[in-house]
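Q: Have a look at the structure that comes next, please.
The values are calculated or read from the model by the stated rules, or taken from the named source; none is laboratory data. Just so it is clear, the model here is predicted, and its values are computed rather than measured. Here the Cβ positions follow ideal geometry from the backbone for every residue, glycine too, while neighbour counts run over all protein chains shown. These accessible areas exclude ligands, DNA and RNA; they are computed on the full protein's heavy atoms, side chains included. Shrake-Rupley method; radii C 1.70, N 1.55, O 1.52, S 1.80 Å.
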Amino acid sequence: MPVIKTKNDLIENLLIIALYKRTNSELFRAALENIGLLLFAEVINDAKGLSSRTHIKTPLKKTQVRYLDQKNIYIIPILRAGLSMLS
């Protein structure tokens, strides 16, 4: 299983908020949810075989688009603490 290391400044900032001693529980939960969303976005960009193509009709013309095939996406937290990232 590949390990993805991020250098995303926003994720690092949210991690600091989550780790800070004086962060209240509401802000902690919000930071973890946002970290989970941002990490998921980074992982999904490199994933192969998760997207499909289809045609849609826009107000201007018919066009081909790529979308995530959600039937093939599974999120499994490794640690109990990871459950808070699955909002």
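Residue by residue, here is whether (1) small (Gly, Ala, Ser); (2) part of a helix (DSSP H, G or I); (3) at pLDDT below 90 holds:
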residue: Lys7; (1), (2), (3): no, no, yes
residue: Leu10; (1), (2), (3): no, yes, no
residue: Asn13; (1), (2), (3): no, yes, no
residue: Ile16; (1), (2), (3): no, yes, no
residue: Ala31; (1), (2), (3): yes, yes, no
residue: Gly49; (1), (2), (3): yes, no, yes
residue: Pro59; (1), (2), (3): no, no, no
residue: Ile78; (1), (2), (3): no, no, yes
residue: Leu83; (1), (2), (3): no, yes, yes
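Q: Moving to a separate point now. Spot the failing condition for Arg53; the list is (1) modelled with pLDDT of 90 or more; (2) in a strand (DSSP E or B), and only one is missed.
A: For Arg53, the failing item is (1).
Q: Moving on. Filter the range 61-76 for residues that are closer than 25 Å to Asn8 by Cβ, surrounded by 11 or more Cβ atoms within 10 Å (Cβ to Cβ) and hydrophobic (A, V, I, L, M, F, W, C); which is modelled with the highest pLDDT?
A: Across the range 61-76, the extreme among qualifying residues is Leu68.
Q: Hey, another quick one. Collect the residues in the range 18-27 that are open to solvent by 80 Å² or more (accessible area, probe 1.4 Å) and outside any loop (DSSP other than H, G, I, E, B), keeping them in residue-number order.
A: Across the range 18-27, the qualifying residues are Leu19, Glu26, Leu27.
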